[in-house]
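Okay, so here's the structure we're looking at.
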Amino acid sequence: MLFRSVAGLDFTEGETGEVEDPAWRTPLASASAQLDQILAELPAALPGGEVLLLGAANAGKSSLCNALAGRDEVLVDSTPGTTRDLVRIELAPGVALWDTPGDLSAPGQADRAALALRDQLGQRAACALLVLDPANPNVPRTAIPWLALVWTKSDLGSATPPFVPPAPDLASLPQFSV
């Protein structure tokens, strides 16, 4: 399928016609390159830190986010895949928590797009909290350093399984149950 881009200018009451591709594509490409350069020079994390909550869908990331914030900031539901956007909650000046979409076993197109955006934007975080449901302790892959492991849903009576770290850097993580 062939797509054609058309740009036009309309400064007067009469039709001005199509603007030729080089007249708008060249400046647009230059602006895009400048924006890429600016983004590449941004610091990796804000002072104080940006912390991502990472885990499987329905692991309890949103509930943990609300508990850590001390207020209801994000939607909580028992349906896996409810969180599709990254939601930034400021806990203190310069310290923020990000509720993120969870990994799904069979993500749809919108879910894959949400996870790709999470992975792209999340690379600027200082660290991540690994949020695991004892009934589904799948560890997501990330290049972001882990801060701690949080076992959720302790109120449901699920026993916390022994944690077998899939990577050596996870063996010494502090663990908490909530």
Selection count, the stretch 132-150, where residues are under 22 Å from GLY49 (Cα atoms) and either in contact with a Ser or Thr (Cβ under 6 Å, 6 or more places away or on another chain) or of a type in the set (D, E, K, R) (or both) | 1
Restricting the first residue to the stretch 111-128 and requiring it to be touching a residue at least 12 places away in the same chain (Cβ under 8 Å), which pairs with a second residue that is in a helix (DSSP H, G or I) meet a Cβ separation below 9 Å and a spacing of at least six or different chains?
-> ALA128/GLY122
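Regarding the stretch 49-62, can at least one residue be identified that is part of a helix (DSSP H, G or I), within 17 Å of ILE89 (Cβ to Cβ) and at pLDDT 75 or above?
So the first thing to find is which residues in the stretch 49-62 are part of a helix (DSSP H, G or I), and the list is 61-62.
Cutting the leftovers down to within 17 Å of ILE89 (Cβ to Cβ) gives us 61-62.
Remaining after also requiring at pLDDT 75 or above: 61-62.
Within the stretch 49-62, one or more residues are part of a helix (DSSP H, G or I), within 17 Å of ILE89 (Cβ to Cβ) and at pLDDT 75 or above.
If you scan the stretch 115-154, which residues turn out to be in a loop (DSSP other than H, G, I, E, B) and either surrounded by 15 or more Cβ atoms within 10 Å (Cβ to Cβ) or among the aromatic types (Phe, Trp, Tyr) (or both)? Show your work before the answer.
Residues of the stretch 115-154 that are in a loop (DSSP other than H, G, I, E, B), as a first pass: 123-126, 134-135, 137-145, 152-153.
Result: ARG124, ALA125, ALA126, PRO134, PRO137, VAL139, PRO140, THR142, ILE144, THR152, LYS153.
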Can you name every residue in the stretch 120-134 that is under 30 Å from ASP155 (Cα atoms), of a type outside the set (A, V, I, L, M, F, W, C) and within 12 Å of the chain's Cα centre (by Cα)?
-> GLY122
Index of the failed condition, ASP10 passing every other in (1) over 19 Å from ASP119 (Cα atoms); (2) at pLDDT 70 or above; (3) in contact with a Ser or Thr (Cβ under 9 Å, 6 or more places away or on another chain) = (2)
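Condition test on PRO107, is it at pLDDT below 85, surrounded by 16 or more Cβ atoms within 10 Å (Cβ to Cβ), out of contact with any helix residue (DSSP H, G or I) (no Cβ under 7 Å at 6 or more places or on another chain) and not in a helix (DSSP H, G or I)? Break it down into steps so the answer makes sense when it comes.
Numbers: at pLDDT below 85: yes; surrounded by 16 or more Cβ atoms within 10 Å (Cβ to Cβ): yes; out of contact with any helix residue (DSSP H, G or I) (no Cβ under 7 Å at 6 or more places or on another chain): no; not in a helix (DSSP H, G or I): yes.
So PRO107 fails the test.
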In the stretch 85-101, residue surrounded by the most Cβ atoms within 10 Å (Cβ to Cβ) [restricted to those that are assigned to a loop (DSSP other than H, G, I, E, B) and under 9 Å from the mean Cα position of the chain (by Cα)] | THR100
Can you pull out the residues in the stretch 155-174 that are open to solvent by 60 Å² or more (accessible area, probe 1.4 Å), part of a loop (DSSP other than H, G, I, E, B) and within 21 Å of SER78 (Cβ to Cβ)?
-> GLY157, ALA159, THR160
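Within the stretch 75-91, count every residue that is modelled with pLDDT under 85 and either hydroxyl-bearing (Ser, Thr, Tyr) or within 16 Å of LEU129 (Cβ to Cβ) (or both).
Just the residues of the stretch 75-91 that are modelled with pLDDT under 85, to begin with: 75-86.
Narrowing the set further to residues that are either hydroxyl-bearing (Ser, Thr, Tyr) or within 16 Å of LEU129 (Cβ to Cβ) (or both) leaves 78-79, 82-83, 86.
Total meeting the criteria: 5.
The values are calculated or read from the model by the stated rules, or taken from the named source; none is laboratory data. Given the structure is predicted, the values throughout are model-derived calculations rather than measurements. Using ideal geometry, Cβ is built from the backbone for each residue, glycine included, and neighbour counts are taken over all protein chains shown. Surface accessibility is based on the protein's heavy atoms, side chains included, excluding ligands, DNA and RNA. Shrake-Rupley method; radii C 1.70, N 1.55, O 1.52, S 1.80 Å.
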